[in-house]
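*Asks:* Below: one structure in structure tokens.
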Amino acid sequence: MKNKIICMIPARIGSQRFKQKNLALIEGKPVLAWGIESAINSEIFDQIVINGDNILFKKIAENYNLQYYNRNSLLSSSDAKSDDVIYDFINQFDCDYIVWFNAIAPLQTKKDIINFTTTLIQEGFNSLFSVQSNYIQALFEESPINFTTKDKFSKTQDLKPIKSFVPSMMGWESKVFKQNYLKNKYSFFSGSVGYYEIQSRLTSLVIKNEDDFKLIRSVIEGFKSYNNKVEYYSE
């Protein structure tokens, strides 16, 4: 029997660093819509659901004939934990696998979306996270991680890469997530955990603040748009 894969696209109106970032416009289209179109065009998901907390998100979902789930207000606060958001969602929507797909990474490539999802299922992971390797000298709390200060300066190509999380996509096997959550009250890293190395730098571009948004907008609209005023989707 074919596994049912749901793509959950979260959208929260009250982001602290860049408020209403999912509604910021690029070429007249809100960021959320860019993410929705990327998910749809991948043709890998059985269902796409917008998990939001505002009527504007519902309107955008309906423009694409997608289901909208209005999450509990307690799960929309800045104190809400991702584990709780996922558990709540998979209790509402039956699926074998859930992919948390962030629209704030609006340039995710079809290849990465398909490869991530197939890796989650075919490689037998219960949890999968997208990462990228960076061949650059790195510090943690002012101490070198992958280089030494006791020798000649290393060439970047000779370094061991630093792998960092890319919050574009995350995925779980729903059954295992539920089991671990009920047992431990957390389940983000549940069962067999894997890491998917993204193939395109475009997939790694994520909007966390206004500067991130302007950078991504300039990739699409052109460099001269960087300093343009941020405009937002409205009814």
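*Asks:* Hey, could you check region 1-40 for residues that are of a type in the set (A, V, I, L, M), surrounded by fewer than 19 Cβ atoms within 10 Å (Cβ to Cβ) and in a loop (DSSP other than H, G, I, E, B) and say which is modelled with the lowest pLDDT?
*Replies:* In this case the residue turns out to be M1.
*Asks:* Within region 189-200, identify whether any single residue is over 19 Å from L32 (Cα atoms), acidic (D, E) and either surrounded by 17 or more Cβ atoms within 10 Å (Cβ to Cβ) or without any contact (Cβ under 8 Å) to a residue 60 or more places away in the chain (or both), and answer yes or no.
*Replies:* Looking through region 189-200, none of the residues is over 19 Å from L32 (Cα atoms), acidic (D, E) and either surrounded by 17 or more Cβ atoms within 10 Å (Cβ to Cβ) or without any contact (Cβ under 8 Å) to a residue 60 or more places away in the chain (or both).
*Asks:* Right, next: Please find, among K175, K155, K183, the residue that is out of contact with any Phe, Trp or Tyr (no Cβ under 9 Å at 6 or more places or on another chain), more than 18 Å from K21 (Cβ to Cβ) and at pLDDT below 95.
*Replies:* Going through K175, K155, K183 in turn, the sole match is K155.
*Asks:* Say we look at region 117-140 and pick out the residues that are touching a helix residue (DSSP H, G or I) at 6+ places or on another chain (Cβ under 9 Å) and of a type in the set (A, V, I, L, M, F, W, C); which of these is farthest from F165 (Cα to Cα)?
*Replies:* In this case the residue turns out to be F125.
*Asks:* Next up: Is it the case that F165 is touching a residue at least 40 places away in the same chain (Cβ under 8 Å), closer than 23 Å to R12 by Cβ and either surrounded by 13 or more Cβ atoms within 10 Å (Cβ to Cβ) or of a type outside the set (S, T, N, Q) (or both)?
*Replies:* So F165 does not fit the description; no.
*Asks:* Does region 132-148 contain at least one residue that is modelled with pLDDT of 95 or more and closer than 23 Å to A103 by Cα?
*Replies:* Within region 132-148, one or more residues are modelled with pLDDT of 95 or more and closer than 23 Å to A103 by Cα.
The values are calculated or read from the model by the stated rules, or taken from the named source; none is laboratory data. Nothing here was measured: the structure is a model prediction, and the numbers come from that model. Backbone-built Cβ (ideal geometry, glycine too); neighbour counts: all protein chains shown.
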